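The values are calculated or read from the model by the stated rules, or taken from the named source; none is laboratory data. The structure presented is a predicted model; accordingly, all values stated were derived computationally and were not measured. Cβ sites come from the backbone with ideal geometry, for glycine too, and all protein chains shown count toward neighbours.
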Amino acid sequence: MHPFAKLDHRFVWHPFTQMRDWLKREPIVIVAGKGAVLRDVRGREYLDANASIWTNLHGHQNPKINAAIRRQLGKIAHSSALGLANEPASRLAAKLVEASNAIVGRAVPSAPVSPKRGRRGADTAPYLNKVFFSDDGSTALEVALKLAYEFSRRTGRNPRPRFLSLEGAYHGDTVGAVSLGHINLFHKTYSGLLFRSDRVMAPYCYRCPFNRAKPERADARAYRQCHWECVDLVEKKFVAQKRKADGYAGFVFEPLMQGAAGMIPQPSGWLRRVTDIARGHGALLIADEVMTGFGRTGNLSTLNPQPSTSLFACQHEEVQPDFLCLAKGLTGGYLPMAATLTTREVFDAFLGEYTEFKTFFHGHSYTANPLGAAAALASLEILHSRKSIQARQKLERVLRSELQTLWTLPQVGDIRQVGLMAGIELVRDWRTRQSFDLRERAGIRVCEAMARRGVLTRPIGNVIVLMPPYCTTPAQVRSMVHAVYDAISEVTGKATL
């Protein structure tokens, strides 16, 4: 065993990992990366098929981001945001505000809220113009939750704020973020620490009880037969809460695709429908774009056939939230940094005399870190370039085309692609949709077989995730998908159809 692997076994505790299994074998120790390729301590190369856990946008050792970080290192690596400001964070905040309001326009202000009505004007979208920096996706959601909670109380919208999120929701691992989550495997253990939040059915067309369509060899969203019963349940949930209490203060959601739930995509139009319902009942919209932000959902709008340069999933369905939570790809996958964007209206609720103690008492030591902000500014510049936009469009098309080859495998039940991310759900037989028992570790074994073929990713239960960096070449995409194909065949021992 390599000395670094021995050190890892002796001292490191890995996240979301059964360490008894981990300690049984030598881990892959990554020491370098270039583009979409990683290299381990023994010199073997691998394709980074999940963008280093959904964070890396432009590839490893991107020259523009490297240069931006070096320039900032020549000035200062970190200074406190408690009582001080810095140049790159200030510039980054302005750029994020500009990008987040792409469907609203600079001149559109945040609509006023009537405490009696408890809702915005139906035709006026919020204008996001305040940015609170933090460290990661969990803290971005934690900030939004605390702000929404206290804003609702201070403005009289809702004296007892309560939040609604989706079944299968995962919004992070801090106590507040876990309270918004609804994955028993992750969250049940900590139930005694949490506040209660409500859940409502999320659209999962492949396994939806309302979908009357029989399995086909296509994305289940394409052949579903239903009457939007999942949307009706959202409406009923809001109505029921309004009857017995003050209504929901906020509706929390991942737009277009739920990640940790199993890469569950939403059918076109669902997001717009349910957010209209939530808005109509006076709820604040809290969009978790930790995974879906910064171009990850592609360039094609779900409501408009014309290519879109929008960076955020919400914008594909012309939904403007009251809180936009960002992390992961914010710095291009280089440094831990997050941001929560909200409106001047929310910001104003925390203004007052010092002696009133209306301050937002929340913070992080590395808030607005200059190195992270410098990396994020460089990443945004790349994202807006014509070259990057064209590369992302091509990558999306190539990935969609290559994924079609997996339908010949009887253990592939559903292939779900949204933009530049995909989930392949493994089943015993596609005709029955019967799942593998999680104890069989089917997804893990397939990913282990992929690693032996030089492709690295991590499963979500029985779902294999592909989320390549934007610099990935067509040949590399083909290699990733071929590795999935061969690994599934090896693990299941079944022939193709």
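Laid out as a table, the results:
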read-out: Flag for L57 being at pLDDT 95 or above, surrounded by 22 or more Cβ atoms within 10 Å (Cβ to Cβ) and within 26 Å of G250 (Cβ to Cβ); value: no
read-out: Single match in L82, L57 (criterion: in contact with a Gly (Cβ under 8 Å, 6 or more places away or on another chain), assigned by TED's automatic domain parsing to the domain that holds L326, farther than 20 Å from M450 by Cα and assigned to a loop (DSSP other than H, G, I, E, B)); value: L82
read-out: Filtered residues of region 159-173 (kept if under 16 Å from G247 (Cα atoms) and either surrounded by 23 or more Cβ atoms within 10 Å (Cβ to Cβ) or aliphatic (A, V, I, L, M) (or both)); value: F163, L164, S165
read-out: Of all residues making up region 195-237, the number that are under 16 Å from E167 (Cβ atoms) and hydrophobic (A, V, I, L, M, F, W, C); value: 10
read-out: Enumeration of residues in region 239-291 that are hydroxyl-bearing (S, T, Y) and either under 16 Å from L128 (Cβ atoms) or surrounded by fewer than 24 Cβ atoms within 10 Å (Cβ to Cβ) (or both); value: S268, T275
read-out: Residues (among the basic types (K, R) and farther than 20 Å from P265 by Cα) located in region 363-422; value: R386, K387, K394
read-out: Single match in G176, G192, G156 (criterion: in the same structural domain as A349 (by TED's automatic domain parsing), surrounded by 21 or more Cβ atoms within 10 Å (Cβ to Cβ) and at pLDDT 90 or above); value: G176
read-out: Within region 26-51, tally of residues that are of a type in the set (V, I, T), closer than 14 Å to L456 by Cα and assigned to a strand (DSSP E or B); value: 2
read-out: Matching residues in region 1-15 - criterion: being within 27 Å of G172 (Cα to Cα) and surrounded by 10 or more Cβ atoms within 10 Å (Cβ to Cβ); value: D8, H9, V12, H14
read-out: Which listed residue, of E381, E356, is acidic (D, E) and free of Cβ contacts under 8 Å to residues at least 40 places away in the same chain; value: E356
read-out: In region 195-215, residue farthest from M263 (Cα to Cα) [restricted to those that are in contact (Cβ under 8 Å) with a residue 60 or more places away in the chain and not hydrophobic (A, V, I, L, M, F, W, C)]; value: P215
read-out: Test result for T355, farther than 23 Å from K95 by Cβ, of a type in the set (S, T, Y) and outside any loop (DSSP other than H, G, I, E, B); value: yes
read-out: So R217, is it out of contact with any strand residue (DSSP E or B) (no Cβ under 7 Å at 6 or more places or on another chain) and of a type in the set (K, R); value: yes
read-out: Test: residue in region 344-360 that is farther than 23 Å from Y149 by Cβ and buried (at least 21 other Cβ atoms within 10 Å of the Cβ); value: no
read-out: Test: residue in region 91-99 that is basic (K, R), within 18 Å of G332 (Cβ to Cβ), surrounded by fewer than 15 Cβ atoms within 10 Å (Cβ to Cβ) and at pLDDT 95 or above; value: no
read-out: Flag if L73 is closer than 22 Å to A368 by Cβ and modelled with pLDDT of 95 or more; value: yes
read-out: Which numbered condition H182 fails, given (1) over 30 Å from T405 (Cβ atoms); (2) in contact with a Cys (Cβ under 7 Å, 6 or more places away or on another chain); value: (2)
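Okay, residues lined up against (1) touching a residue at least 60 places away in the same chain (Cβ under 8 Å); (2) surrounded by fewer than 22 Cβ atoms within 10 Å (Cβ to Cβ):
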{"position": "D437", "(1), (2)": "no, yes"}
{"position": "R445", "(1), (2)": "no, yes"}
{"position": "G454", "(1), (2)": "yes, yes"}
{"position": "T457", "(1), (2)": "yes, no"}
{"position": "Y470", "(1), (2)": "yes, no"}
{"position": "A475", "(1), (2)": "no, yes"}
